[in-house]
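Any read-out appearing in this document is the output of simple, stated calculations on the displayed coordinates, not a laboratory observation. All values derive from a computational prediction rather than experimental measurement. Virtual Cβ from ideal backbone geometry, glycine too; neighbours counted across all protein chains shown.
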């Protein structure tokens, strides 16, 4: 037979390699199919979980806007387990405000209104509100990092007065070369804009120790911190910024109002200083003039920041907390008006 017509045989080694390759390809495809099936299963599971959460809360937007706990709102993370926390005042639990049924809030409409004001402001809006029943409230971007401005003074006031309570500082002694006693300095620091006393407290305590107290004794998150002196624009230009979140500041005012941070005399001084605030163009202006309603606030302003933090007292002894902040805007007049508009929206929705 002609050599070209003779049947060709496959070398045994070649045959083994071909079979091995075919098996490898088959196994590889099986692995790929299995991985795809697992991924699809995970996606479907996540989708079902999201749908269940949405069904429970009504909508994703309202869930993000709402926080609610059995006794207190509890914005902050609290002190770490290994933090050394100075003793807080041993006082009877403050009397609870008279029971009042919380108003049902249309949270979708509220969020839509806040988003519209934020857009109009030209900046980034955040707010946190604790209702007068002390159990419910809401937040809009409440954990968003913000420049602190003069809201830092709230932390400085608590730090200074806690030292008075522990017998380390005196209310009536001249303080830090300011030409004032500490009690005069606290009132001046909170009621006006002069940073002299605030910066004297920073010098006396030190930035590192102040931050330790903020994150332990005051139980605020690490997003609230002090990096420089108050209104030190040169340090700010170098990138050093004091920061807060509206949730943290609301939690601080809530704890202060309940008498949980300071002794009785110090608490009353702190609240009196808030009520004596001279600059009232944001939160106080956004609340209707109602007989018996008192607002104690501490505003903050920088070239790109409009903020205000307040305790609002009602005639029936109930009180609530509201903190508003708009940063990154281009026009302070527009942003200030937007902050006032936000207060009016929140007041109408919650009262």
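Potential lengthening of the chain between residue 334 and residue 348 amounts to 2.9 nm, from the contour at 0.36 nm per residue minus the alpha-carbon distance. Across the range 65-350, the convex hull enclosing all Cα atoms gives 126 Å³ per residue. Rounded to the nearest angstrom and listed largest first, the equivalent-ellipsoid semi-axes of the range 106-199 from its Cα gyration tensor are 37, 17, 10. Counting every C-alpha pair in the range 195-295, the share spaced more than 21 angstrom apart comes to 48%.
Label zone of residue 279 (point 7 Å out along Cα→Cβ, amide N under 11 Å): in the range 227-243 this covers 231. Taking label positions 7 Å along the Cα-Cβ direction at both residue 293 and residue 194, the computed distance is 3.3 nm, reported to one decimal. Note on residue 184 and residue 304: their simple-model spin labels are 3.9 nm apart, each label 7 Å out from Cα toward Cβ.
With the Cα gyration tensor of the range 222-270 in hand, give its eigenvalues times 5 under a square root as the equivalent ellipsoid semi-axes, listed largest first in whole angstrom.
28, 13, 7
Residues 214, 283 in ascending order of nearby Cβ atoms (within 10 Å, fewest first): 214, 283.
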